[in-house]
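The structure appears below as structure tokens.
The values are calculated or read from the model by the stated rules, or taken from the named source; none is laboratory data. What you see is a predicted model; the values in this text were computed from it and never measured. Cβ placement follows ideal geometry from the backbone for every residue including glycine, while neighbour counts extend to all protein chains displayed. Just so you know, the surface numbers come from the protein's heavy atoms only, side chains and all, with ligands and any DNA or RNA stripped out. Shrake-Rupley method; radii C 1.70, N 1.55, O 1.52, S 1.80 Å.
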Amino acid sequence: MSANAALIKEFETLLGKENVLTSETDLHSYSYDAAVLDSKTPALVLRPTNSEALGKAVALCNENELKITVRGAGTNLSGGTIPHPGGVVILTNALNKILEINEQDLYARVQPGVVTAQFAAEVASRGLFYPPDPGSQAVSTLGGNVAENAGGLRGLKYGVTKDYVMGVDFFDVDGQLVKSGSRTVKCVTGYNLTGLMVASEGTLGVFESITLKLIPPVPAAKSMMAVFPSMNAAADTVAAIIAAKIVPATLELMDNFTIRTVENFRKAGLPVDAEALLLIEVDGHPAQVAEEAEKVEAICKANKATSVTVAQDAAQRDKVWQARRDALPALAKLRPTCVLEDATVPRSKIPAMIDALGAISKKYDLTIGTFGHAGDGNLHPTILTDKRDTHEWERVEKAIDEIFEKALGLGGTLSGEHGIGMAKSKYLAKETSKATLEYSRKMKSVLDPKGILNPGKIIGW
Amino acid sequence: MAEIKKLVTMLKELDDQLVNCMKCGMCQAVCPIFKRTGREADVTRGKLALVEGLAGEILKDADGVNEALNRCLLCGTCQANCPSGVQVVDIFLKARAIMTGYFGLSPAKKLIFRRLLAHPGLFNLLTGMASKFQGMFIKPADQIIGSSCARFNAPVVGDRHFKGLAQKPLRKIVSSLDEPAGKSGLRVAFFPGCVVDKMYPDVGTASLKALRHHGVGVFLPSGQACCGIPALSSGDRATFESLVRQNLAKFRAGQFDYLLTPCATCTSTIKELWPTMYKGADADVQALKELAEKTMDISQFLVDVIGVDVQAASSKAPKVTYHDPCHLKNSLGVTAQPRKVLKANPAYQFVEMAEAGVCCGCGGSFNINHYEMSKAIGTRKAENVIASGADVAATSCPACMMQLTDMLSRQGKGVRVKHVIECYAEMISSAD
Ligand SMILES: Cc1cc2nc3c(=O)[nH]c(=O)nc-3n(C[C@H](O)[C@H](O)[C@H](O)COP(=O)(O)OP(=O)(O)OC[C@H]3O[C@@H](n4cnc5c(N)ncnc54)[C@H](O)[C@@H]3O)c2cc1C
Ligand code: SF4
Ligand code: SF4
Ligand code: SF4
């Protein structure tokens, strides 16, 4: 059933007329997200401004069998917010209150539409630290982060979003508020529904509020840039650093193509001949930072680094990270379409994966730049193409298939952080098992008997 | 009204530019309109998708798309921050021109652009008359000034707090100049822009005073026309081209090292839009390119060419803060020089305000069509100015001055609005 006039009236009474969007232009502007996939237009867009209205809207959709896609900032890269044609998009960006920051017990409670970077800044202003920092943090929402289990540059040492979620209160399809987790560090009450909600991509419940763990800020940090003559040398270095029992806060890798592109873009003096760059940051207590920085430098050199530059001040430190921040923008400017993948392999398999990417790029005659989180094996092979070129696009699709096949073959995973959504649901059983898929589907069919919650995502149809 | 097929064909020309948007959504972080409404159709990504949808015939509602396109300040903040380097302002200006071609220009705009703006003499005459009678004839002044210049927002509509038309416009104070280079060995052409001419002649005289002080010869041809941005941002390319042509003829006649303006909008229009949007003879386009290369904001000239430097201010001096006009910051990346010029006068202490680089919400005709939104954005700006503790809010764009004046006067805290060059010229003795 689609939304008829009477139902629209009902939504308007519930949410206020201005929060029910029905114009063609409004509907079209919620038909896509950051994934390179075809857009699908919803029939209705709702923007609840308080949690009671959110719950009632969900219930009303369920009664009328309207498919719901919840949308935060729409920055996910896997099609998680591309709506069901004729369905409803529920926007969370008006649910943007930080409900509580508890400095004694080190947690915060937020509504799902709070923007990640704004939250992190507010937390920092209270002398605390919220580490997850996805590249999209300036716009992404915490609800979206939890639903995708987003990670960031600090993932290696500080973990990803799931490591900070203490509880999620969410609406089930009947609009009943299900509470999970707690404000205590330890909690084993009942099923781990909080865990179930993390990475659920809007398919199991609609988040109403989230409790997040906070930690004390880190007093000191040191950054450095190490240049390598081969990808193998860089990968050996990564392994050697971890083997030396040093866990850097950040350990990022760039391949030669990306280095050259970034240099072309910013002219910051990057070594264009280098086969690989490692950008490393160690943090912690000042004494420990000094010691670890020295050790890391020595390890880099012992593993054939041709140079290691340690940032001496804030400006130099910023230069190191600017190079990393430039990777995506610089690559994105080369060709009209930029497909950012996030195949992830065990750390030791990085050289094998990089080799495979080189072979795939040759085989399909495509330009692929690779950068990513070397410390956790999460690579971002970035295919530069033009979607309008149908022949090339066919090759891109084949290349993507092969990238994932390779990553799985190396004992890796389909997604380190971008989620499965629509883009990768077809590979899911391959990584897990047929039974996993069936179990997931069974669970979903009981929790959401009418199949209204973000249909088609993760587990397919 | 032309048929929709035609519109679609024209919009398809934008395809090569539209396709560069990777829909990452990062523009949501910076767009002042989106910040207020939270609606995707108000942010760059949404608007680009709408134009794309219309071109791809997925959408039919050309009116709706047109309306969305007009809910934009053309502040260029999104473009300056876009990771994919999408030429947003260029796309929006072209799309507006195509839309205007399709819908036709509104009769009021047609009258104003084609009959008035395109004929500087008549425009001057009428605004001159309006300045004398503005108390009596509020309505005509509103129509003529209100919608005539996109940067020249309606001073008399609604409850705006405005500065009226100057009793004596700049062109009556200094009709033309053609001086040789002085001790600096430099000679510049001066383009005051119509807001300076008609509303803020003091900015013009302060500019000339500063140039004279540094021994710079000035070439100021009479009968300059508007830079054309109001027509262009309303999609009226014909008027834009006629204005550019008139100006080109004036400036071609002189020899000079730089073309200076005290208007951020004029600077970016001359530098970026004259050479790219003008579709005329190759020789003209070449001349416009050469002109664009010589064009500079007046503060940039004082700092980068003349070399004025910072002076220590007394701690008792009144405080001045600086608002970055979008057209200097986002389009041209000029942010340091105006601050340096302010610091060059020891009679002021410079204080930085929060969010100095965020748009003031004026946006030309946006201010007229979406006054409430414009006011909401501007109020925040005024609050930041006040929180900085400044006695004077300085900026480099007369249109921003109008918006700041309106917004600050509402706050009733007695903060004055000045152009950077006015602050600078205050330290030059009048005997100079
Ligand atoms: C330039 C760029 C850089 C990026 N960098 C990273 C990165 O470094 N690391 C990373 O992990 N990701 C990254 N991403 C991907 C993306 O930003 C993240 O997945 C982010 O968490 C999405 O947040 P969002 O608010 O945009 O959510 P959306 O895209 O709006 O939604 C994502 C999913 O969450 C669901 N959802 C949202 N709110 C709720 C709710 N209240 N209840 C239930 N379900 C909900 C949606 O239905 C959807 O399935 C990047 C994306 C871009 C464009
Ligand atoms: S930031 Fe640029 S590329 Fe990203 S959505 Fe906005 S306009 Fe498109
Ligand atoms: S130009 Fe300014 S107002 Fe227009 S979309 Fe970009 S940021 Fe928003
Ligand atoms: S930008 Fe300057 S010259 Fe152009 S219309 Fe506005 S004031 Fe006139």
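Can you tell me which of (1) closer than 15 Å to residue A:231 by Cα; (2) outside any helix (DSSP H, G or I); (3) under 28 Å from the mean Cα position of the chain (by Cα) is the one residue A:270 doesn't meet?
So residue A:270 meets the others, but not (1).
Please tell me if residue B:201 is under 20 Å from the mean Cα position of the chain (by Cα) and of a type outside the set (A, V, I, L, M). Lay out the reasoning, then the answer.
Numbers: under 20 Å from the mean Cα position of the chain (by Cα): yes; of a type outside the set (A, V, I, L, M): yes.
Criteria met by residue B:201.
Which of the numbered conditions does residue B:12 fail, given that it passes all the others? Conditions: (1) within 12 Å of another protein chain (Cβ to nearest Cβ); (2) open to solvent by less than 20 Å² (accessible area, probe 1.4 Å).
All conditions pass for residue B:12, except number (2).
So residue A:34 clears everything in (1) within 12 Å of chain B (Cβ to nearest Cβ); (2) away from ligand 2 (no atom under 16 Å from the Cβ) except one condition, right? Which one?
Every condition holds for residue A:34 apart from (2).
Restricting attention to region B:40-51, and to residues there that are charged (D, E, K, R) and either within 7 Å of chain A (Cβ to nearest Cβ) or buried (at least 23 other Cβ atoms within 10 Å of the Cβ) (or both), which single residue is nearest to the chain's Cα centre (by Cα)?
Restricting to residues being charged (D, E, K, R) and either within 7 Å of chain A (Cβ to nearest Cβ) or buried (at least 23 other Cβ atoms within 10 Å of the Cβ) (or both), the top hit is B:47.
In region A:155-165, how many are open to solvent by 30 Å² or more (accessible area, probe 1.4 Å) and closer than 14 Å to residue A:213 by Cβ?
Within region A:155-165, residues that are open to solvent by 30 Å² or more (accessible area, probe 1.4 Å) and closer than 14 Å to residue A:213 by Cβ number 4.
Which condition breaks for residue B:80 when tested against (1) away from chain A (no Cβ under 11 Å); (2) buried (at least 21 other Cβ atoms within 10 Å of the Cβ); (3) part of a helix (DSSP H, G or I)?
Condition (2) is where residue B:80 drops out.
Take residue A:403 and tell me if it is over 30 Å from residue A:204 (Cα atoms) and β-branched (Val, Ile, Thr). Full working, then the answer.
Working: over 30 Å from residue A:204 (Cα atoms): no; β-branched (Val, Ile, Thr): yes.
Answer is no for this residue.
Within region B:56-64, identify whether any single residue is in contact with a strand residue (DSSP E or B) (Cβ under 6 Å, 6 or more places away or on another chain), open to solvent by 10 Å² or more (accessible area, probe 1.4 Å), assigned to a loop (DSSP other than H, G, I, E, B) and at the interface with chain A (Cβ under 9 Å from one of its Cβ atoms), and answer yes or no. Give the steps one after another, and end with the answer.
Kept after step one, since they are in contact with a strand residue (DSSP E or B) (Cβ under 6 Å, 6 or more places away or on another chain), are these residues of region B:56-64: none.
No, that holds for no residue.
State whether the residues of region A:215-232 include one that is under 30 Å from residue A:354 (Cβ atoms), assigned to a helix (DSSP H, G or I), open to solvent by 20 Å² or more (accessible area, probe 1.4 Å) and more than 16 Å from ligand 4 (Cβ to nearest atom).
Checked region A:215-232: at least one residue is under 30 Å from residue A:354 (Cβ atoms), assigned to a helix (DSSP H, G or I), open to solvent by 20 Å² or more (accessible area, probe 1.4 Å) and more than 16 Å from ligand 4 (Cβ to nearest atom).
Checking residue A:346 against (1) surrounded by fewer than 24 Cβ atoms within 10 Å (Cβ to Cβ); (2) modelled with pLDDT of 95 or more: exactly one of these is not met. Which one?
(2)
Do we find a residue being surrounded by fewer than 19 Cβ atoms within 10 Å (Cβ to Cβ) and either more than 9 Å from chain A (Cβ to nearest Cβ) or closer than 23 Å to residue A:40 by Cβ (or both) anywhere in region B:26-36?
yes
Which numbered condition in (1) surrounded by fewer than 18 Cβ atoms within 10 Å (Cβ to Cβ); (2) more than 14 Å from every other protein chain (Cβ to nearest Cβ); (3) away from ligand 1 (no atom under 16 Å from the Cβ); (4) not acidic (Asp, Glu) is the only one that residue A:360 fails?
(1)
Away from ligand 3 (no atom under 12 Å from the Cβ), open to solvent by less than 50 Å² (accessible area, probe 1.4 Å) and over 20 Å from residue B:370 (Cβ atoms): is that true of residue B:105 in this structure?
no
Looking at region A:129-154, which of the residues that are part of a helix (DSSP H, G or I) and not hydrophobic (A, V, I, L, M, F, W, C) is surrounded by the most Cβ atoms within 10 Å (Cβ to Cβ)?
Taking the candidates together, the pick is A:145.
I'd like to know if region A:13-22 contains one or more residues that are within 12 Å of chain B (Cβ to nearest Cβ) and under 23 Å from residue A:138 (Cα atoms).
Checked against the condition, which is being within 12 Å of chain B (Cβ to nearest Cβ) and under 23 Å from residue A:138 (Cα atoms), region A:13-22 yields no hits at all.
Hey, among the residues in region A:277-287 that are in contact (Cβ under 8 Å) with a residue 40 or more places away in the chain and more than 24 Å from the chain's Cα centre (by Cα), which one's surrounded by the most Cβ atoms within 10 Å (Cβ to Cβ)?
We begin by selecting, within region A:277-287, every residue in contact (Cβ under 8 Å) with a residue 40 or more places away in the chain; these are A:277-286.
Of the ones still in play, those that are also more than 24 Å from the chain's Cα centre (by Cα) are A:284-286.
On the way: A:284: 17, A:285: 12, A:286: 12.
The qualifying residue surrounded by the most Cβ atoms within 10 Å (Cβ to Cβ) is A:284.
Quick check: anything in region B:346-365 in contact with a His (Cβ under 7 Å, 6 or more places away or on another chain) and within 18 Å of residue B:299 (Cα to Cα)?
Narrowing region B:346-365 to residues in contact with a His (Cβ under 7 Å, 6 or more places away or on another chain): B:356, B:360.
Remaining after also requiring within 18 Å of residue B:299 (Cα to Cα): B:356.
Among the residues of region B:346-365, at least one is in contact with a His (Cβ under 7 Å, 6 or more places away or on another chain) and within 18 Å of residue B:299 (Cα to Cα), which makes the answer yes.
Filter region B:378-406 down to the residues that are closer than 25 Å to residue B:297 by Cα and among the hydrophobic types (A, V, I, L, M, F, W, C) and list them by number.
Result: B:382, B:385, B:390, B:392, B:393, B:394, B:397, B:399, B:400, B:401, B:402, B:404.
In this structure, is residue A:174 among the acidic types (Asp, Glu) and crowded, with 16+ Cβ neighbours inside 10 Å?
no
Output the number of residues of region B:1-19 satisfying the condition of being part of a loop (DSSP other than H, G, I, E, B) and at pLDDT below 90.
Counting residues in region B:1-19 that are part of a loop (DSSP other than H, G, I, E, B) and at pLDDT below 90 gives 4.
Just name the residue that is farthest from the other protein chains (Cβ to nearest Cβ) out of those in region A:155-170 that are in a helix (DSSP H, G or I) and within 18 Å of residue A:118 (Cα to Cα). Step through it out loud before you land on a result.
Step one: of region A:155-170, the residues in a helix (DSSP H, G or I) are A:155-158, A:161-164.
Pick out the ones that are also within 18 Å of residue A:118 (Cα to Cα) and you get A:161, A:164.
Numbers: A:161: 18, A:164: 22 Å.
Only one residue tops the list, namely A:164.
So, in region A:242-273, how many residues would count as being crowded, with 24+ Cβ neighbours inside 10 Å and without any contact (Cβ under 8 Å) to a residue 60 or more places away in the chain?
Summing the residues that are crowded, with 24+ Cβ neighbours inside 10 Å and without any contact (Cβ under 8 Å) to a residue 60 or more places away in the chain in region A:242-273 gives 1.
So if I check each of B:80, B:97, which one is farther than 30 Å from residue A:92 by Cβ and in contact with a helix residue (DSSP H, G or I) (Cβ under 9 Å, 6 or more places away or on another chain)?
B:97
Looking at this structure, is residue A:355 of a type outside the set (A, V, I, L, M, F, W, C), open to solvent by 40 Å² or more (accessible area, probe 1.4 Å) and within 14 Å of chain B (Cβ to nearest Cβ)?
Numbers: of a type outside the set (A, V, I, L, M, F, W, C): yes; open to solvent by 40 Å² or more (accessible area, probe 1.4 Å): yes; within 14 Å of chain B (Cβ to nearest Cβ): no.
Taking the combined requirement at face value, the residue does not satisfy it.
Suppose we keep only residues that are among the β-branched types (Val, Ile, Thr) and in a helix (DSSP H, G or I) within region B:20-42. Which one would you say is farthest from ligand 2 (Cβ to nearest atom)?
Looking only at region B:20-42, we keep the residues that are among the β-branched types (Val, Ile, Thr), and these are B:30, B:33, B:37.
Checking the rest, the ones that are also in a helix (DSSP H, G or I) come to B:33, B:37.
Numbers: B:33: 13, B:37: 16 Å.
Selected residue: B:37.
Could you grab me the full set of residues in region B:83-92 that are in a loop (DSSP other than H, G, I, E, B) and either more than 7 Å from ligand 2 (Cβ to nearest atom) or over 21 Å from residue B:11 (Cβ atoms) (or both)?
Correct list: B:83, B:85, B:87.
Count, please, the residues in region A:1-56 that happen to be in a loop (DSSP other than H, G, I, E, B), closer than 23 Å to residue B:67 by Cβ and open to solvent by 40 Å² or more (accessible area, probe 1.4 Å).
The number of residues fulfilling the criteria is 5.
What is the residue count in region A:350-398 for residues that are assigned to a helix (DSSP H, G or I) and out of contact with any Gly (no Cβ under 7 Å at 6 or more places or on another chain)?
Residues flagged as assigned to a helix (DSSP H, G or I) and out of contact with any Gly (no Cβ under 7 Å at 6 or more places or on another chain) within region A:350-398 amount to 24.
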